[in-house]
Amino acid sequence: MSRFGPIRSGWARTRRATQRDRTVRGGRDAYAVGVAAVDHPLTSKLAGFGTTIFAEMSALAVKTGAINLGQGFPDTDGPAEVLDAAVDAIRSGVNQYPPGPGMPVLREAIVEHQRRFYGLDYDAETEVLVTAGATEALAGALLGMLDVGDEVVLFEPMYDSYQACIALAGGVLRPVVLRPDADTGRYQFDRDEFSATVTDRTKLILLNTPHNPTGKVFTLDELEFIAGLAKRHDVLVVTDEVYEHLVFTGTEHVPMAGLPGMAERTLTISSGGKTFNTTGWKTGWMCGPASMVDAAKTAKQFLTYVNGAPFQPATAVGLRLPDSFFAALAADLETKRDRLYTGLVAAGFTAYRPEATYFTTVDIRPIQPDGDGIAFCLGLPERVGVVAIPNQVFYANPEHGRHLVRFACCKRLDVIDAAVERLAALAP
Ligand code: PMP
Ligand code: GLN
């Protein structure tokens, strides 16, 4: 069953097809013998997770022909040098399994990148691991480090794979809510609540900065506070920084690993998808102390072992592009953020201006007083021809995000303009 309603999930269809196959192959008796198991194959650890919201809403966009401001992926290609390098790699025979930790050329480029942008030093042999996107890096880290019952402190809303991976690992979620400040609209957390949540039962703090879906960038002061608790309670930190280069004027991304005493306990995760408009390549990585990288690698090697050989040298080319490329990337997205944000405000939403990332979150209640974000998103394609994501799916307690909806701005300006024009019809 889908987590949020009437759209049929992929696995429900698979289940029906499997039942049919068994009936055809084995006849009625074989079907009858196996029916109970076939009806409930899903592990209880994943009960209720259904199909990810991104797959469901992108399918809805295709089905209805709506403009897809749901799943965050760009609609233009990234730098030609990076694309050409992938084509060259395929043509020159880089088509077999890469080494387990990732190709040396990419690991070296990751080390150079961390030094160039943040002054952080890593050993390419022991402290860097290439993964199938940040998603696999997160899965490897959580599955490789958590024991059953270990507590993970993190902020809600959160990227949807966090809850699923913690559940698979048997970990216990300890969420702290991010809420928009009444005056500034900036997402904040309550420091007393956070302090009380980090205890000696905490194995790790899972951080995401810049943050999806709120567009918040954690400040140095906030990170110092979190780091202080991590050190006091001897807790590991895993930090997801996939939007590190999509940060807007007036804000700076500060990597947790750069804070005093934190490189020793912090695993930093990122990927090339957002930076080089190559989300489909799934080239990600992690950097951190050899012990943490090793723990994550132990799980990762049994997930995919390795992936995407030709995309690895191509992503290395991207990481070595001049500073001007990274500045232009953020500036271009900032123009798009402004256009979308202005349009969302004009349409009548209460919008929270993001400091970074692809996403702007709005409170729908000025337009839909019952604040039912799921009903709103399911109806939006029919109503005005736009797809968005209900933020509820990013919360451990869905009530906290019921009235919030996320729109993505990583599209061509003419596409954003068309979406904004359609959304204007909602204005009360
Ligand atoms: N973390 C966050 C916060 C994200 O928004 C995403 C979405 N792409 C990911 C991780 C996954 O990244 P990748 O596509 O590299 O697996
Ligand atoms: N990170 C993207 C988002 O939040 C998409 C990720 C995905 O499709 N799993 O929209």
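Table for the structure above
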item: Of all residues making up the stretch 123-137, the number that are away from ligand 2 (no atom under 16 Å from the Cβ) and surrounded by 23 or more Cβ atoms within 10 Å (Cβ to Cβ); result: 4
item: Residues that are more than 16 Å from ligand 1 (Cβ to nearest atom) and within 27 Å of ALA330 (Cβ to Cβ), drawn from the stretch 50-85; result: ALA61, ILE67, THR76, ASP77, PRO79, ALA80, GLU81, LEU83, ASP84, ALA85
item: Cross-chain or 6+ apart pairs with Cβ under 8 Å, the stretch 124-137 first and under 16 Å from PHE276 (Cα atoms) and part of a helix (DSSP H, G or I), then of a type in the set (Gly, Ala, Ser) and more than 7 Å from ligand 1 (Cβ to nearest atom); result: ALA134/SER270
item: Among (1) within 30 Å of ALA295 (Cβ to Cβ); (2) within 16 Å of ligand 2 (Cβ to nearest atom); (3) surrounded by fewer than 23 Cβ atoms within 10 Å (Cβ to Cβ) - the single one ARG116 does not satisfy; result: (2)
item: Out of LEU333, LEU344, sole residue that is away from ligand 1 (no atom under 16 Å from the Cβ) and hydrophobic (A, V, I, L, M, F, W, C); result: LEU344
item: Filter result (assigned to a helix (DSSP H, G or I), over 20 Å from ALA424 (Cβ atoms) and of a type in the set (Asp, Glu)) within the stretch 329-382; result: ASP332, GLU334
item: Unmet criterion (only one of (1) buried (at least 19 other Cβ atoms within 10 Å of the Cβ); (2) within 16 Å of ligand 1 (Cβ to nearest atom)) for THR304; result: (1)
item: Test: residue in the stretch 260-279 that is more than 28 Å from ARG201 (Cβ to Cβ), of a type in the set (Lys, Arg) and crowded, with 19+ Cβ neighbours inside 10 Å; result: yes
item: Selection count, the stretch 45-57, where residues are within 17 Å of GLY280 (Cα to Cα) and either more than 16 Å from ligand 2 (Cβ to nearest atom) or surrounded by fewer than 17 Cβ atoms within 10 Å (Cβ to Cβ) (or both); result: 2
item: Selection status of LEU246, more than 14 Å from LEU267 (Cβ to Cβ) and free of Cβ contacts under 8 Å to residues at least 40 places away in the same chain; result: no
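Bear in mind that the values in this text are calculations on the coordinates, not laboratory data. Predicted, not measured: the structure shown is a model, and the values here were computed from it. Positions of Cβ are backbone-derived with ideal geometry, glycine not excepted, and every protein chain shown enters the neighbour counts.
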